[in-house]
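The structure appears right after this line, and notes come after that.
Only the coordinates and a few stated rules stand behind these numbers; no lab work does. All values reported here derive from a predicted model rather than from experimental measurement. Every residue, glycine among them, receives a Cβ derived from its backbone with ideal geometry; neighbour counts consider all protein chains shown.
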Amino acid sequence: MRDADAEAVPCLIDNGLLHPVIGDPSWLEPAAPATALHRLLRDIEDRVAEERRREARLVTAFEPPLRIAERLTAPGGQPPVISARIRTLHPHTLRHAPMAIARYEQSRGDVKARTLDEVTRVTPRQRAIARLLVLGHTDTAIADRLGRNVRTARLDIARLAAQLGSESRAQLGYLIGQSGILERGEEP
């Protein structure tokens, strides 16, 4: 095979399946199967070794927080004072999470359990913003579509995120979809 023909399939050269002929470098010949297989396996071994090193780094990084969580949730241990809310996507979800119910019952402080149905009383403007967010529009595009200032649109998005309990844009999109606010008609 000519070198020019091999430009159409650079992966053959990159993976070591073709190499230049010793007497004429403009020609390429296939590598011996044992050599090619060894080279391909070495690349795979390097990737596996890197993944194992990454796994070890993650274990080292997350071990201290997991030990703390283990101590806090150990049987007979006192639950910490929690000021939070337990939110479920569907009202029946809590009955399938006995650990969540036990944690809720043992908690002291400002604890409140609500479903998304209790949380999602949205205005027509919030519903319009939710539709545009789910479609992937940016803050600027949402502001333009609604005829508002970008800062005001961002405040409206932040209010909707706070109302749904979202901590990120991706989570907000998920919660909008799960809450069903886009399927509901105009609220009275």
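Here is how the numbers come out for the structure above:
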| quantity | calculated |
| --- | --- |
| Local net charge near His137, Cβ-Cβ under 15 Å (Lys/Arg +1, Asp/Glu -1) | +4 |
| Peptides ranked, highest mean first, by Cβ atoms within 10 Å: ranges 42-54, 18-30 | 18-30, 42-54 |
| Protection proxy ranking of 154-165, 139-150 - average other beta-carbon atoms within 10 Å, highest first | 154-165, 139-150 |
| Formal net charge of residues neighbouring Leu155 (Cβ-Cβ distance under 11 Å; K, R +1; D, E -1) | +2 |
| 12 Å beta-carbon shell around Ile44, net charge (K/R +1, D/E -1) | -2 |
| Residues whose placed amide H lies under 5 Å from that of Leu18, excluding near-sequence neighbours | Ile13, Ala31 |
| Separation of the Thr35 and Phe62 label points, Cα + 7 Å toward Cβ, nm | 4.4 |
